[in-house]
Amino acid sequence: MIYEFSNCTLDLARHELVRNGKIVHVEPQVFDILALFTENAGSLITKDHLIADVWQGLSVSDSTISARMNAARKAIGDNGKDQRIIKTVPRRGFQFIAELELSHNQSAVPKPDTDLAEQNIRFVNSRGGVKIAYARSGRGPGLIRVGHWLSHLELDWQSPVWRPFLEELGKAHTLYRYDQRGTGLSSREFDGVGIDEFVDDLAAVADANQLEKFPIFAASQAVPVAITYAAKFPERVSHLILYGGYAEGRSFRQPSQCDVDEQTVLSLIKAGWGQPEHTFAKAFTSLFMPDGTTEQIDSFTRMQRESASPETAVRLRKLVDRFMVRDLLPEITTPTLVVHARGDVIHPIDQGRILASEIPGARFVMLDSNNHIPVPQDPEWKKLMQVIEQFLGDGFLGT
């Protein structure tokens, strides 16, 4: 169903909001609020109604509801003062008051740019009603890239860092990737306190796409999530590709000369998150990709700003630094490829050796690189793509 009002079009099927002919990107909960109001135009929407429909009955604060309502109004060009579209009914709730038209005309919504039309973004509910945004691109049998800290489906697709990598993986596989809870287009608020919720998100994406047995690519803190999933559902994972990951979170492992301690990382996040000219932001970026170009660094900084708030980034960082899956490694029966950069300071190469030595039959490949995030201009980037191709079978990446 498509709802037209003021200068806006809300397409529930495509999960798209258009204002003045341009797509407006909103968080899932904000879109749900707009859908609730348009579907109940003219009716009183109480706080209890909002909580039941948008937050699935979870306990949320008045400030959270107010923030989401303000975001919804801003997205459609309204505000709490004018209240041209959404009216506040004191001590009772809210009411959608704008004239509304229903349409089934798909031409009312502009088509995305050709460059972006190659991916299709959808949403699936995970534990606690958390909405996980995932994208599908490429062609062939399914392959999942596990969601990780610092991701945004649309910005990834435009990124000079990730786009070349995603295109390669999509040459012979249908690539499914998703934004980790708390980041990107997925729900920004969640109650997760451990790795199990992140595993549930991976499972939700796999189940939503009816993937019975599929290979997994996981990087950085997505690696322990993939390992936990493979240990829990060995019959569903055909191959594990583990890049730049770890078995012991930063809070558990013994510090080494090549490892950056947790407090340093958290301090850099708090001081310069998403601020391109900030000294701390530049230091933070250099840890992840010291060989990044100016364009790539700018893209990485924008990703910070739009993928999560500084507070959420810190919270997620503390969570993933406490992932511990070393006891699961001997249980993994899935064919596994472990790839690690020699000079990685985010997760030192010792962690790659632990993964490869304790997962039965795992293959280990070391890249002569300092980049935690693989960048296309790095001579070892091509080697990375080649070993993935060899591991998954001839012709995986096409010609």
Open item on the list: Less than 13 Å Cβ to Cβ from ARG188, Lys/Arg counted +1 and Asp/Glu -1: what total charge do the surrounding residues give?
Closed with: -3
Task: Residue-wise HN-Hα coupling along region 218-226, computed from phi with Karplus coefficients 6.51, -1.76, 1.60 (Hz; x: Gly, Pro) - done: 9, 10, 6, 6, 6, 4, x, 5, 5
Task: Label-reachable residues, region 56-77, where backbone N falls under 15 Å from a point 7 Å from ASN7's Cα toward its Cβ - done: 74-77
Task: Cα-based reach from LYS383 at 20 Å (exclusive), listing aspartates and glutamates while leaving out same-chain residues under 8 positions away - done: GLU167, GLU168, ASP291, ASP344, ASP368, ASP394
- [ ] Take the Cα gyration tensor of the chain, multiply each eigenvalue by 5, square-root it, and list the three semi-axes largest first, rounded to whole angstrom.
- [x] 39, 23, 20
Open item on the list: Test of understanding: in a Gaussian network model of the chain with alpha carbons linked when under 10 Å, which of ILE359, ILE51, ILE216 would top the mean-square fluctuation ranking?
Closed with: ILE51
Task: Computed log₁₀ I(q)/I(0) - Debye formula, equal Cα scatterers, no solvent, region 2-60, q 0.18, 0.29 Å⁻¹ - done: -0.64, -1.22
Open item on the list: Going through the cross-link list LYS171/LYS232; LYS47/LYS81; LYS171/LYS318, which pairs have a Cα-Cα distance over 24 Å in this structure?
Closed with: LYS171/LYS232; LYS171/LYS318
Open item on the list: I need the fraction of alpha carbon pairs in region 2-108 separated by more than 21 Å, rounded to a whole percent.
Closed with: 29
Task: Beta bridges per DSSP with both ends in the chain, % antiparallel, nearest 5 - done: 60
TODO: Convert each backbone phi in region 157-173 into a coupling constant with the Karplus relation 6.51 cos²θ - 1.76 cosθ + 1.60 (shift: θ = phi - 60°), then list the ³J(HN,Hα) values in order as whole Hz, x for Gly and Pro.
DONE: 5, 9, 6, x, 8, 8, 4, x, 5, 5, 5, 5, 5, x, 5, 9, 9
Open item on the list: Could you derive backbone 3J(HN,Hα) for region 355-367 from the dihedral phi with the Karplus parameters 6.51, -1.76 and 1.60 (θ = phi - 60°), listing whole Hz in sequence and x where the residue is Gly or Pro?
Closed with: 4, 5, 7, 10, 8, x, x, 5, 9, 10, 10, 9, 9
- [ ] Mind checking region 1-81 for GluC sites (Glu not before Pro) that DSSP puts in a loop (not H, G, I, E or B) and that have at most 11 other Cβ atoms within 10 Å?
- [x] none
TODO: Treating only the Cβ atoms of Lys and Arg (+1) and Asp and Glu (-1) as charged, compute the dipole magnitude of the chain about its Cα centre; round to the nearest 20 debye.
DONE: 560
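No value in this document is a laboratory result; all are computed from the given coordinates. The shown structure was predicted, so the numbers you read here are calculated from the model rather than taken from an experiment. Cβ atoms come from the backbone with ideal geometry, glycine included; neighbour counts cover every protein chain shown.
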